[in-house]
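Here's the structure, in structure tokens; my notes come after.
The values are calculated or read from the model by the stated rules, or taken from the named source; none is laboratory data. Being a predicted model, the structure only gives us computed values, none of them experimental. Quick reminder, even Gly has a Cβ in these numbers, built from the backbone with ideal geometry, and neighbours come from all protein chains shown. The protein model used for the area step is the full one, side chains on, heavy atoms only, and it has no ligands, DNA or RNA in it. Shrake-Rupley method; radii C 1.70, N 1.55, O 1.52, S 1.80 Å.
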Amino acid sequence: STAPTLRGLDWVSRASQNLRVRAMGNAIPGAPRSTTRKVSQEGGMSLDQLTTMTTRKFRYGHRLSHLFKPSKLWEITTAVFFGTAVGQYSFLSIIALVLLIIGTIVWALASGGTADYDTSLDHSIWLSYTTFIDTGTQTGVSADQSEKVKFIVVVLSGLGFIFNLTFLSVVVDNVRTLLDRLYTRYSQLFARKHVVILGWTNKTLFLVDELISMFIETGGKGDIIIMGNSISRYEMLRTVELTFRRRNPPKPRGVRIRVWEGDSAEEDDLTRLSINTARFVVCLSEAEDPRMADAQVLETLLSLLSLDADDQVTGTVIAELRTSDGQNVVNELDHTSDEDVLGVQSAHAVHKVIAFNALRPGVGEALIELISFEGNNFFFENVDTTLIGMTFGELQHHFPLCVLCGVHSSKAKGAMSTEVLIAPSALRKVQPGDRLLLIAMDRRAIEDAGAEGKSTGCLPFNERAVVASGSSPAAKNTGRRDSVQAATAVRVRDIKQQPWLRQTVLIIGWRSAREMADLVRVLSKMLLPGSEIHFLSAVDESVREAALREEMGFITALTDLAGGVSSVSIVHHTGSPLASGAIELLPLRIAAVAIVIADPGSLTLVEDKDLYVKGAARLRDARVFHINTLLRKAAPDLRIVPIFEDILTHRLITPDSPLVNHSEGAGYGLTAVIHRNSLETGLIAMQADDPTLVFVFSQIISLESGSKEHKIFSIPFDKAWLEAGQYTEGESWPELSFYDVADAMFNEHGHVLVGYLDASAVDCVLNPENKARPRTWLPTDELLLMRGHGDSKGTRGGSGGGFSLFSAT
């Protein structure tokens, strides 16, 4: 069958005849088929080998003939001339040559020539070239020339002008591409003592805002460099500019925000940020799932640790972690590497703040203020030589603009015996190397407070008498409140929120199983047995139960889901939180508080899922605001704790914003706004400023061992004053200063008073400015206290117990 195709090839023809002869022989009945496999005596190869060789030769020749088809030739030609840089230049050169030739011919045959240029070949070529390459040549043609000459010159000049623009645009584009390639290859940000943020997430702008506040407070300067790869560099710059353009207070002049587009797991991108001279590096994750987020952060840490010796990080590396397993890995990296690697489980700490804000409103508001650099914060102040040897009790009033909370003790710098004593004994003496733990507006207030304490001659603690009712001049200015008015301050919702009662907590929405399990775990440690937690979410109930069962396996005695003894009951309700009908499924009448979280499980459409990824925080905040509005309408007197995340929402919705608060009164219809990302980044910035402060904060909010006696707590003023032995039933309430109440609490119980919750204004007052000014206290005012060590009073001896700085939390 291949003979007609191979006709003309002599050796192929002979081979074909041999094949036909052998094939006919094999066709003879009884002849063995294997004879075709034998080696030919004439050709020296078998029939199969010869067939394979001829087939390959035929296919190769067929391919070559295919290349010479007109359609294929045109495809190759266009690809060469238009698809490569050399081809494009060649194509433009051909066009230029054709235009020059046309111009030469037209001038020689149609113009008739001028006095300067005749119609000879050399004059025609030169005129065509100069007019084509320089549009100004046409101005050399005098006005008295013929219209034909003017027309030819104008046309040639116009074509040259268009060609030159096209050619130069191609050159500029190629040069721009080359420069971009060189910039991508060799560009680098040069800075010193700067801050590097790795990862563009919903928390990045919050962290930048906290860092700016930290620079303003400390008077520092430097660059803040952000590297991300989720959006372009232009989009990052635009977002930063829009966010901080109208910041109040404005960004200091010495602080620059710079962005870089790159991958935090790539060593080459990391070295371009001058990371070896950075003050500290913060690693953030873009993933929503806690485990995936920790995996991304650990990947970034390994890339940082694998840098060359010349590029190694010399500052502190701070990693945002979401799970305890990730924290353990980071701790191990810190012990085995030369770099300082610190992990911050900010999400877990924020869950505790949310629980305090929901169940202990005064304490929760105080914690929120202490986290942010705006407002009162924790500070450590080195002990002045004049204070060495003084007792903690004697220093209580030494800083009028601050509140003294504890002592950071260290026998030697960096010693393992370092410990932080919160509310130690009044007789505990200050030693060299100690640092005082203070609550103040800023460090300048501490310096001014120290100077004021020396100059005003504040009385020592042991010389001050606690002002009791009826025993001091302050007691004479009774400023009485009507008993009926005081009684009306306590409302039904206040009774439901008392910590000594079983409570019902509503959680509307759903996030990852790990986060929900952690929040339930924190709430359960603050609720009495028999309390209930009700979930409402569009996520299927079986999915939620299975997720919680898996994540809460380590808390066997928490709920029925874990298969242990039930201390707090969990009840699931299925329905979209955005529908008022689903909200009515909840026990709104008996609920003490409702925590509103965005419900990503309600995103069902593909478009919604894409939008959730791109504008996740803003979309979640819109849903939270929607749910909050429906919930407030269904239960006007319910305390609601909505959790927002976006930076724009943070500027729009403040705790006292009329958008969320529509009523007044202590615990009555109050909406306690929480900006989750702001709190998490506040802890990260606190870690960057002083890691010991994060340790102090973690000890204050610690809920370990299931104890209901938290380190920071609140108590109604009437109960506290009665327990302090300063009030007898039936007596009128005296006017007392903050110092009066603080001395009574510290002298009787060893507790440190840090502030109070004003029941009349529903306002948390932390570290009051004028502590010596008397005020009229309401029975429903709540005192915010730091619990002292042990059960003895403030006059007790000894140093009291302390929290080891390196102990596990």
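Here are the numbers:
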{"item": "Boolean, Leu585 is at pLDDT 90 or above, part of a loop (DSSP other than H, G, I, E, B) and open to solvent by 30 Å² or more (accessible area, probe 1.4 Å)", "result": "yes"}
{"item": "Those residues of segment 277-301 which are open to solvent by less than 70 Å² (accessible area, probe 1.4 Å), closer than 15 Å to Asp263 by Cβ and of a type outside the set (A, V, I, L, M), in sequence order", "result": "Cys283, Ser285, Gln296, Thr300"}
{"item": "Flag for Arg444 being modelled with pLDDT under 85 and out of contact with any Cys (no Cβ under 8 Å at 6 or more places or on another chain)", "result": "yes"}
{"item": "Among (1) surrounded by 14 or more Cβ atoms within 10 Å (Cβ to Cβ); (2) without any contact (Cβ under 8 Å) to a residue 12 or more places away in the chain, the one test that Arg245 misses", "result": "(1)"}
{"item": "Positions within segment 160-169 being over 12 Å from Thr130 (Cα atoms) and either surrounded by 15 or more Cβ atoms within 10 Å (Cβ to Cβ) or in contact with an Asp or Glu (Cβ under 7 Å, 6 or more places away or on another chain) (or both), in sequence order", "result": "Phe163, Asn164, Phe167"}
{"item": "Selection from segment 99-134 of residues that are under 21 Å from Phe161 (Cα atoms), open to solvent by 50 Å² or more (accessible area, probe 1.4 Å) and hydrophobic (A, V, I, L, M, F, W, C)", "result": "Ile101, Ile102, Ile105, Val106, Ile125, Trp126, Ile133"}
{"item": "Search result, residues across segment 293-351 that are in contact with a Ser or Thr (Cβ under 7 Å, 6 or more places away or on another chain) and acidic (Asp, Glu)", "result": "Asp294, Asp311, Glu320, Asp340"}
{"item": "Residue count, segment 135-158 (criterion: within 60 Å of the chain's Cα centre (by Cα) and open to solvent by 80 Å² or more (accessible area, probe 1.4 Å))", "result": "0"}
{"item": "Index of the failed condition, Pro250 passing every other in (1) under 24 Å from Thr649 (Cα atoms); (2) open to solvent by 20 Å² or more (accessible area, probe 1.4 Å); (3) in contact (Cβ under 8 Å) with a residue 40 or more places away in the chain", "result": "(3)"}
{"item": "Filter result for Asp690 (under 24 Å from the mean Cα position of the chain (by Cα), farther than 19 Å from Glu365 by Cβ and modelled with pLDDT under 90)", "result": "yes"}
{"item": "Val240 closer than 18 Å to Asp689 by Cα, in contact with a Leu (Cβ under 9 Å, 6 or more places away or on another chain) and open to solvent by less than 70 Å² (accessible area, probe 1.4 Å)", "result": "no"}
{"item": "Test result for Gly563, exposed (fewer than 14 other Cβ atoms within 10 Å of the Cβ) and either modelled with pLDDT of 85 or more or over 30 Å from His650 (Cα atoms) (or both)", "result": "yes"}
{"item": "Tally of residues being among the polar types (S, T, N, Q) and assigned to a helix (DSSP H, G or I) across segment 284-318", "result": "3"}
{"item": "Matching residues in segment 341-374 - criterion: being out of contact with any Pro (no Cβ under 9 Å at 6 or more places or on another chain) and of a type in the set (D, E, K, R)", "result": "Lys352, Glu369, Glu374"}
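Residues checked against (1) modelled with pLDDT of 90 or more; (2) open to solvent by 20 Å² or more (accessible area, probe 1.4 Å); (3) under 28 Å from Ser702 (Cα atoms); (4) in contact with a His (Cβ under 8 Å, 6 or more places away or on another chain):
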site	(1), (2), (3), (4)
Leu528	no, yes, yes, no
Val543	no, yes, no, no
Ile555	no, yes, yes, no
Leu558	no, no, yes, no
His573	yes, yes, no, yes
Ile595	yes, no, yes, no
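Yes or no, residue by residue, for (1) in contact with an Asp or Glu (Cβ under 7 Å, 6 or more places away or on another chain); (2) open to solvent by 20 Å² or more (accessible area, probe 1.4 Å); (3) in a loop (DSSP other than H, G, I, E, B); (4) closer than 27 Å to Asp781 by Cα:
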{"position": "Glu332", "(1), (2), (3), (4)": "no, yes, no, no"}
{"position": "Ala347", "(1), (2), (3), (4)": "yes, no, no, no"}
{"position": "Glu394", "(1), (2), (3), (4)": "no, yes, yes, no"}
{"position": "Phe399", "(1), (2), (3), (4)": "no, no, yes, yes"}
